[in-house]
Amino acid sequence: DNREFQKALPVLKKIETFGYQAYFVGGCIRDALLGLASHDVDIATSAFPEEIQAIFPKHFDVGLEHGTVMAYFNGDTYEITTFRTESEYEDYRRPKEVTFVRSLEEDLLRRDFTINAMAMGTEGQLIDYFQGQEDLKAGRLRAVGKAHDRFQEDALRMMRAVRFASQLGFELETDTAQAIKESAPLLEKIAVERIETEMAKLWQGQHWQAGLTDFIDLQLYRYCPLTENGQASFQKMLDVLSPEQVFPSDTFAWAVYFFLAKCDLQFIDDFTRAWKMSNKQNRLIKEYFLALTARQESQSAWTAQLLYRFGLNTAQTVENFIQREGQAKSEFARHFPKGKAGQVEAIWEALPIHSRKDLALNGRDIIADLAPNDKRLIGQYLNQAEAAVVNEQCPNSKDDLLAYLKANQ
Ligand code: ATP
Ligand code: MG
């Protein structure tokens, strides 16, 4: 599927009519050669940013210091980046100086892996100075140039290597792997948000076992926050989960990690803070973690209370994961009482109420009828009423619930 390329082709041709070079570069070429759909095509050019701005009067500056201009063309936007070199890397992360150049080869030289360092011109010709296509065919990740120098320049590339291993199932070429092992401590210099982004991609890769194996073997975990002693826990994921398994999300993968490592909620809070994850990620991880724990401890797999507590989505996500493990008869599956297919949906459908707002009793009813002498009792009454309905000890009607509460104090 090369629609994205076809659509962007007139943009490149327009740049060429002004006497500059223009190419598709990077990840989109890799993905196209692998037969994968690319979410976006990156365009590189010999034109300098102000020259691109002149060619495309309707534009938006997204990263002028990196040479990137977002151009509007035929109702769409395209990221166009000037060929550049990055020289004299400071503190192992940011290039001290970005220099715009007129040569494609120099631009490709600064890129991280050979499979990411190919370009394609407007005639469809592939530009491949570093045998990227050969590495792609062999399923190999190889640094462009001297591997050791490349990871010293920018330590994030080590995390990119293991996440590409996970997404593509590729092996690290020997020198590249060795260089990462030597440079691993430099990961501490990298902003944790950027590490987290790569880790999230690693978890969601089709071949996460390959990426995680590299992450462990190359000792990258030693230089990430709060995983210094995490080797056994990461290894356990490889040992007990089915090789067929994939994670529905990064947060689910982290939840499984904490579950297998027998962590507690306090540690998860500390961990997500150290990794600068969002509140939403923190909440999801804890919810999956608690649901896994509850599912493990419940004799009858899912119950009305558990479904009410966790909701249909979380329960289904957890159960689907466990079912896939069960089919593979993995060690992980042995942690859990066997569930029945369709049980989650059936229990959910049968729930008398699905959330607090379905309850036929509210705080005002309690004040009017039970006249609690302490406002704090209202919440307790509501919890009790909610539980009674979910457990089918009382019908969901106002009068029945008030009678139930009076009889059960
Ligand atoms: P994805 O599918 O995740 O977007 P990608 O290869 O397109 O993968 P990007 O982060 O979008 O990755 O980067 C685009 C291109 O820029 C890469 O293919 C690579 O050529 C280059 N690149 C990105 N990050 C680095 C880096 N840290 N060092 C060197 N080159 C890089
Ligand atoms: Mg990209």
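The values are calculated or read from the model by the stated rules, or taken from the named source; none is laboratory data. Computed from a prediction, not measured in an experiment: that's the story for all the values here. Positions of Cβ are backbone-derived with ideal geometry, glycine not excepted, and every protein chain shown enters the neighbour counts. Side chains are part of the model used for accessible areas, which takes the heavy atoms of the whole protein and leaves out ligands, DNA and RNA. Shrake-Rupley method; radii C 1.70, N 1.55, O 1.52, S 1.80 Å.
Distances between placed amide hydrogens fall under 5 Å for F113 paired with V144, all partners being 5 or more residues away or on another chain. The residue among Q343, N362, G326 whose Cα reaches farthest toward the positive pole of the charge dipole of the stretch 317-368, with charges on the beta-carbon of Lys, Arg, Asp and Glu, is G326.
Model label sites at Q235 and L377, defined 7 Å from Cα along the beta-carbon direction, differ in position by 5.8 nm. What a 1.4 Å probe finds exposed on the chain is 47% carbon and sulfur by accessible area, rounded to a whole percent. Evaluating 6.51 cos²θ - 1.76 cosθ + 1.60 at θ = phi - 60° for every residue in the stretch 392-407, the Karplus couplings come out as 6, 8, 7, x, 7, 9, 4, 5, 4, 5, 5, 5, 4, 5, 5, 7 Hz, glycine and proline recorded as x. Taken one residue at a time, the phi angles of the stretch 339-352 give Karplus couplings (6.51, -1.76, 1.60, θ = phi - 60°) of x, 9, 4, x, 4, 4, 4, 4, 5, 4, 4, 7, 4, x Hz. Gly and Pro are set to x. Peptides 298-308, 206-216 ranked from most to least packed by the mean count of surrounding Cβ atoms within 10 Å: 206-216, 298-308. Measuring how big the stretch 1-76 is from its alpha-carbon positions, Rg and Dmax come out at 12.5, 35 Å.
Out of the GluC sites (Glu not before Pro) in the stretch 333-395, which ones are loop residues according to DSSP with at most 15 other C-beta atoms within 10 Å? Here the sparse-neighbourhood loop sites are E392. Above 25 Å, the calculated P(r) of the stretch 192-341 contains 25 percent of its Cα-Cα pairs. Each principal axis of the Cα cloud of the stretch 104-239 was evaluated for its coordinate range; sorted largest first, these ranges are 51, 28, 26 Å.
Computed with a 1.4 Å probe over protein heavy atoms only, the accessible surface of the chain comes to 49 Å² per residue.
Computed extension gain for Q219 through N362, at 0.36 nm per residue and net of the alpha carbon distance, reaches 46.0 nm. Note on K58: lysines with a C-alpha under 29 Å away, same-chain residues under 8 apart excluded, are K7, K13, K14. Return the subset of K286/K329; K375/K398; K201/K280 for which the Cα-Cα distance in this structure is over 21 Å, preserving the input order. Violating the 21 Å Cα-Cα cut-off are K286/K329.
Relative contact order (percent) for the stretch 10-75, with alpha-carbon contacts under 8 angstrom and 6 or more residues of separation? Don't jump to the answer; show the numbers that get you there.
Details: 73 pairs, mean separation 16.8, N = 66.
Computed over the stretch 10-75, the figure is 25 percent.
If only the Cβ of Lys and Arg carry +1 and only the Cβ of Asp and Glu carry -1, the dipole of the stretch 288-398 around its Cα centre is close to 180 debye. The GluC sites (Glu not before Pro) of the stretch 105-158 that DSSP puts in a loop, and whose beta carbon has at most 13 other beta carbons within 10 Å, are E123. Phi angles of the stretch 195-203 translate, via the Karplus equation with coefficients 6.51, -1.76, 1.60 and θ = phi - 60°, into HN-Hα couplings of 5, 4, 4, 5, 4, 4, 6, 4, 4 Hz per residue; Gly and Pro are given as x.
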